[in-house]
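One structure is given here, and the rest of the page talks about it.
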Amino acid sequence: MVVMDQKKTGLALDFDQLRAPASWVAVTVATFFLAWLVTSPQPCQKVSACAETLREFPNQYGSYSAAALFAMCLHELVSLFFTYAGVKETQTLVPTLRSKCLPSLLLASMFATLGLVHATYDTGDLFVSHASRGGGFVAEGRPIYTMTFFEWVMDVPLMMVLSGYCAMGRPISELSGPVVVTNIYIIFCWASLTTSSATLRWSLIAMSWVMYTWASREMLGWVSNYERTAPQDLPSRSLRPVLSVGLIALFFVYGMVFTASVTGIMDAHSERMFYLCATLTSKLAFSIAFVIIRADEYHQMLTGVLKKVSISNIGMVSIMRGTFDLLLPCTVDA
């Protein structure tokens, strides 16, 4: 799917490119561990108000979405298998074919992670959630959907790689800053709910909005660089940057919903329902976008092959006729 640089195509990234995702994981784990130590979250099942709120939420929604997500994951895995099997025989002729495997792999990973999260909530197990301690507008005992935050730090980097690297061909090094900062402010938002200090809570929320602004500016930089360097005949050229811009808008809406829930404007059930619908819809939108991109790429590739075959046939006909008029048209001076 990466088309601007042949060196970046393929199912696997080279060693230098793999070091960046490894650093993303390390920073994310370290930040979460530190946040856990500082806030010491209390399990939801130990707070009666929190446990009661979670039990009142209809769990069948999680079952429906999990079934749909696992079906989408299976679809992407089947697509990945047959695409990779077909690529092995034609990659020497069309090297960019292997790049079509990476989006399917990332999409399958996202669907699987989100499906597991929704299936976990469907069990009604309170161990996947924590309870707020109250203070600073936050009601005590309000459910904190820890598994949702876990899913975000897993899937948001994949969505950013899909939009920045796979769709627009931006280098992994260009993605590192926004990806790491985004994961950090996601963890900050979670920590702001688990802490008992109102001062720390609103400091973390304020820092999260500042970090979101910086990451969004960098993501707009991806779009600017893409518009400057992408070929004009690139398949789905106008669709590719929409993914990054859409992520910026989506994260803003998430932030507004999160802030509304912290201040008590939105109740816990409405918050959870929004997260369930928004995460599912956004990932389906990414899958649809890459179906369109792949279809356009296949169409352009097939058109190019047919043009080459047509030219070759014309040349062979000219040679067999003993005339090269079709190959080397001549002009006769008057």
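Coordinate-derived values only; no laboratory data. In this text the structure is predicted, and so the values were computed from the model without any measurement. As a convention, Cβ positions derive from the backbone with ideal geometry for all residues, glycine included, and neighbour counts pool all protein chains shown.
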Under Stokes-Einstein, the range 241-300 at 37 °C and 0.692 mPa s, with its Kirkwood radius over C-alpha pairs, diffuses with a coefficient in µm²/s of 250 µm²/s
Could I have the simple spin-label model distance between L18 and Q300, label points 7 Å from Cα toward Cβ, reported in nm to one decimal?
-> 3.0 nm
Decide, for the range 125-240, between rounded, prolate and oblate: order the square roots of the alpha carbon gyration tensor eigenvalues as a ≥ b ≥ c, take rounded if a/c falls under 1.5, and otherwise choose prolate if a/b is larger than b/c, else oblate.
-> prolate
Can you list the residues, at least 5 places off or on another chain, whose amide H is less than 5 Å from the amide H of Q42, using H built in the peptide plane?
-> A131
So for the range 177-307, using the alpha carbon gyration tensor with a ≥ b ≥ c as root eigenvalues (a/c under 1.5 gives rounded; past that, a/b versus b/c decides prolate or oblate), I'd call it prolate
What ³J(HN,Hα) values, in whole Hz, does the Karplus curve 6.51 cos²θ - 1.76 cosθ + 1.60 give for the range 163-177 when θ = phi - 60°, with x put for Gly and Pro?
-> 6, x, 8, 6, 7, 10, x, 6, x, 4, 4, 6, 7, 4, x
